Every structure is written in C-alpha cells, then in structure tokens.
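In what follows, a single structure is set out as structure tokens and then discussed.
The values are calculated or read from the model by the stated rules, or taken from the named source; none is laboratory data. Since this is a predicted model, take the numbers as computed values, not measurements. Glycine gets a Cβ as well: all are built from the backbone with ideal geometry, and neighbour counts include every protein chain shown. SASA here: full protein model, heavy atoms, side chains in, ligands and nucleic acids out. Shrake-Rupley method; radii C 1.70, N 1.55, O 1.52, S 1.80 Å.
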Amino acid sequence: MADHEFRFVAGSPCLDFLNTLGDRLEQTPNEHLTAYADLVRWIETGGLLSREAGARLARASARDSHAADAVLRRAIALREALYRLFTTLVAGEAPPASDLRLLNEELAAAMVHRRLVPSEAGFELAWSGDGDELAEPLWSVALSAAELLTSGSIARVKSCASDTCAWVFMDESRNRSRQWCEMETCGNRAKARRHYAKSKKG
C-alpha cells in the first residue's frame, strides 16, 4: 500500500528488506512493495539512497514502466530467496542452491557498479549512479546480504516469536534474549493475548 510507513528494526539492511512483507504467516500477507515507487521509497527511507537519486529513478520508471515493473519482480524474487536462505541457515539446514544462485547473480550485477571514489579520508567505495539504472535499489540489498552471510553473525539472526509475523532481525542483546521484531507491536500483542487467556481461565 502506498501510504505504508516502512519500519527499520532488523539491524541490517537486507533483513529490513525481508520485512517489507507483513504478517508473512497469515493466509493473506501484507505486501508493502506493490509498485516500483514503493521500492524506491523503501531504500530512500532507509538512508541507502539519496533523495536526488530517488527522484532520478522515479523519472526513469515513468519513462519505462515495463522495465520498472520487471525490477520490482526481481526485487520480490530476491527478497523471498533471501528469506529462505537466512531462515534455513538459522535452522541449521543447507540453504537452497537456487536461492544462493539468485543472490550471486544479483550480487554480480551490483558489483559492476562499485567504484573507488575520493573522500575526506582518502578513498571510499561507492555506487556509481551513472545513467538511470532502475535496478539500483537492489545493489545495497545484495551487498548487505553477502556481508551478513560472511560476517559470522548468522547465529544472531532470529525470527519474531509472533504466530503471524515472522519478521527477522539481528539479536544484539547481551544474552540473546530478544524475541520480538518490536516490543511495541508483536511483543505487546503477545502480552495482551496471555493476559486475556489468564483472565478467561480464571
């Protein structure tokens, strides 16, 4: 939905991207990427793309809506592949080869646009924003996923304990006790359900 307010609670860009599907375990999940403009708004809101670059991509998508729609389909395919990849790894299982292959394809496409540019500290790696590359929103997601998968922190990736949510996040708590994507939403709902069940039983 166009007026959806994206939330960034996962502690990693690629995991926040997985959370653009709400209520994943419900019969009818809430898809928050229904148009290419949503994809641009997500990456812009998350601070991974400048407002100027977002406006450039909006103009490019208006010129070629079919290409923009194709990128949106790629984005959703990447999101679902990453979700399966991370959840199977967290469960101690081997990741699906097809999902790893898809990530590698998107990562290879992204790295073509990686450039060394001057900075105040000397040089830094940045994305080249040459032209109207509609797939630009996927670059940071693919790189973030690759960095997380090679960081040794996969054991900190968890799924929300809600029966319907299944959002994922990095558990950075000292004793790794975080259960919910957000205490204010899923955590409070679970507390309310427990309280209701106790009062009904009593």
(request) For residues that are of a type in the set (Gly, Ala, Ser) and surrounded by 14 or more Cβ atoms within 10 Å (Cβ to Cβ), scanning just segment 151-182, find the one that is nearest to Arg59 (Cα to Cα). (result) Ala166
(request) Could you identify the single residue in Arg73, Arg59 that is surrounded by fewer than 20 Cβ atoms within 10 Å (Cβ to Cβ), among the charged types (D, E, K, R) and free of Cβ contacts under 8 Å to residues at least 24 places away in the same chain? (result) Arg73
(message) Please verify whether Glu52 is of a type outside the set (Ser, Thr, Tyr), open to solvent by 70 Å² or more (accessible area, probe 1.4 Å), at negative phi and modelled with pLDDT under 95, treating the condition exactly as stated.
(response) yes
(request) Within segment 1-55, track down each residue that is among the β-branched types (Val, Ile, Thr) and either without any contact (Cβ under 8 Å) to a residue 60 or more places away in the chain or part of a helix (DSSP H, G or I) (or both). (result) Thr20, Thr28, Thr34, Val40, Ile43, Thr45
(message) With the requirement that a residue be more than 18 Å from the chain's Cα centre (by Cα) and either under 23 Å from Gly22 (Cβ atoms) or of a type in the set (Val, Ile, Thr) (or both), what does segment 61-113 give you?
(response) Ala68, Asp69, Ala91, Val112
(request) Please tell me if Leu148 is under 18 Å from the mean Cα position of the chain (by Cα) and more than 16 Å from Gly11 (Cβ to Cβ). (result) no
(request) Taking the options Leu148, Leu103, name whichever one is surrounded by 16 or more Cβ atoms within 10 Å (Cβ to Cβ), under 29 Å from Ala37 (Cβ atoms) and touching a residue at least 60 places away in the same chain (Cβ under 8 Å). (result) Leu148
(request) Specify which of the listed residues (Ala126, Ala81, Ala135) is open to solvent by less than 50 Å² (accessible area, probe 1.4 Å) and either in contact with a strand residue (DSSP E or B) (Cβ under 7 Å, 6 or more places away or on another chain) or among the hydroxyl-bearing types (Ser, Thr, Tyr) (or both). (result) Ala126
(request) Kindly indicate whether any position in segment 116-136 is under 22 Å from Asp38 (Cβ atoms), part of a strand (DSSP E or B) and not aliphatic (A, V, I, L, M). (result) yes
